[in-house]
Amino acid sequence: MNIKISKEVKKALKKGEPVIALESTIISFGMPYPQNVETALNVEKVIRDNGAIPATIGIINGEPIIGLTKEEIEYLAHSKKVRKCSRRDLPIILGTNLDGATTVSGTMILAHLAGIEFFVTGGIGGAHKKANLSFDISADLEELAKTNVSVICAGPKAILDLGLTMEILETKGVPVIGYKTDYLPAFYTSTSEFKVDYNAKNPLEIAKIIKAKRDYKLDGGVLITNPINKKDSLDPEVINKVINEAILDMEKEGIHGKDETPYLLSKIGELTKGDSLEANIKLILSNAKLGAKIAIEYKKLNEED
Ligand code: PSU
Ligand code: MN
């Protein structure tokens, strides 16, 4: 097995310093150029400014890389042979020397293999609307069920069925923690009608929950949901209308499977004239800050142990 870990990340892991994984699907398929590259680099900066080490993860020529360089991030933003890579896609991309932009599920797997316990993203995948008929449920949920990486996000993406997504997470035994909220954040907006499993007051409380999950050998992830800041949040009425319109377009165009999420994100970007992209960028930066703080508290707890 070959995994390339950057010098900086390797050193940090060896010293037990807090390391935060970052995904690459958001770069290759989640945002347009050049905002994708700018955001990827800014997220890394926020993590560093808050005392942790970022490790952006992707696959180039069949080689998994933990801690992509700026040039490699640029490359994945442009590569024509890059594929969106979840658990299912990993063997194909690794076995045939393709480029892979790892999703939440793909990133969790590679982060875990490298020994990284925390992962910051924008929004996780989940059960799509009408998933009861289409069975379109993101592999992210399955991964959260079994892989020991905690994921900090702004809630499941609003294009999904949040209620169904929460039901599946319950079945799979994934605790959903709200950061200073009783209700599940909905990505572009800060709240929804669905309750989270616990309202955590500070990063230390979250670190304690993660530690308990690890100490008691309850495999799988913890999902930490951080509401988008009020000033960056979109108007729920407006964004929900836009999402429904985008879904109708998607159905008309016959888009299915792994192409759905990238299509919807880009269509919503068009329809909101960039407002959704702006919100997406803001929420990831905010998640990066929280993720670094949780990882630092977690490190302290383990040192006291
Ligand atoms: N969060 C974002 N933008 C994204 C994604 C998450 O802000 O593009 C990506 C993640 O990689 C997630 C994927 O795993 O969308 C979900 O895709 P799907 O619904 O096909 O499983
Ligand atoms: Mn899907």
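The values are calculated or read from the model by the stated rules, or taken from the named source; none is laboratory data. Treat the numbers as computed from the prediction; the structure is a model and nothing was measured. We place every Cβ from the backbone using ideal geometry, glycine too, and count neighbours over all the protein chains shown.
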**Request:** Name the residue, out of Ser134, Ser79, Ser86, that is more than 19 Å from Asn36 (Cα to Cα) and more than 14 Å from the chain's Cα centre (by Cα).
**Result:** Ser134
**Asked** Between a first residue in the stretch 102-117 that is within 17 Å of Glu8 (Cβ to Cβ) and a second residue that is part of a helix (DSSP H, G or I) and more than 7 Å from ligand 1 (Cβ to nearest atom), which pairs have beta carbons less than 7 Å apart while being 6 or more apart in sequence or on different chains?
**Response** Gly115/Leu13
**Request:** Keeping to the stretch 239-291, report how many residues are within 16 Å of ligand 2 (Cβ to nearest atom) and not in a helix (DSSP H, G or I).
**Result:** 3
**Prompt:** Of the residues that sit in the stretch 77-93 and are touching a helix residue (DSSP H, G or I) at 6+ places or on another chain (Cβ under 8 Å) and farther than 18 Å from Met108 by Cβ, which one is surrounded by the most Cβ atoms within 10 Å (Cβ to Cβ)?
**Reply:** Val82
**Scan of the stretch 177-225 for residues that are at positive phi and touching a residue at least 24 places away in the same chain (Cβ under 8 Å), ordered by number** = Lys180, Phe187, Gly220
**Message:** If Gly95 satisfies all but one of (1) under 14 Å from the mean Cα position of the chain (by Cα); (2) farther than 28 Å from Ile210 by Cβ, what's the number of the condition it fails?
**Reply:** (1)
**Request:** State whether one or more residues within the stretch 213-231 are of a type in the set (S, T, N, Q), modelled with pLDDT of 95 or more and surrounded by fewer than 16 Cβ atoms within 10 Å (Cβ to Cβ).
**Result:** yes
**Fill in**
Of the residues in the stretch 114-142, those that are of a type in the set (A, V, I, L, M), out of contact with any strand residue (DSSP E or B) (no Cβ under 6 Å at 6 or more places or on another chain) and either assigned to a loop (DSSP other than H, G, I, E, B) or within 7 Å of ligand 1 (Cβ to nearest atom) (or both) come to Ala139
**Request:** Would you be able to tell me the number of residues in the stretch 94-107 that are surrounded by fewer than 24 Cβ atoms within 10 Å (Cβ to Cβ) and touching a helix residue (DSSP H, G or I) at 6+ places or on another chain (Cβ under 9 Å)?
**Result:** 2
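Residue by residue, here is whether (1) more than 16 Å from ligand 2 (Cβ to nearest atom); (2) among the charged types (D, E, K, R); (3) touching a His at 6+ places or on another chain (Cβ under 7 Å) holds:
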{"site": "Phe29", "(1), (2), (3)": "no, no, no"}
{"site": "Ile59", "(1), (2), (3)": "yes, no, no"}
{"site": "Lys84", "(1), (2), (3)": "no, yes, no"}
{"site": "Pro91", "(1), (2), (3)": "yes, no, no"}
{"site": "Ala114", "(1), (2), (3)": "yes, no, no"}
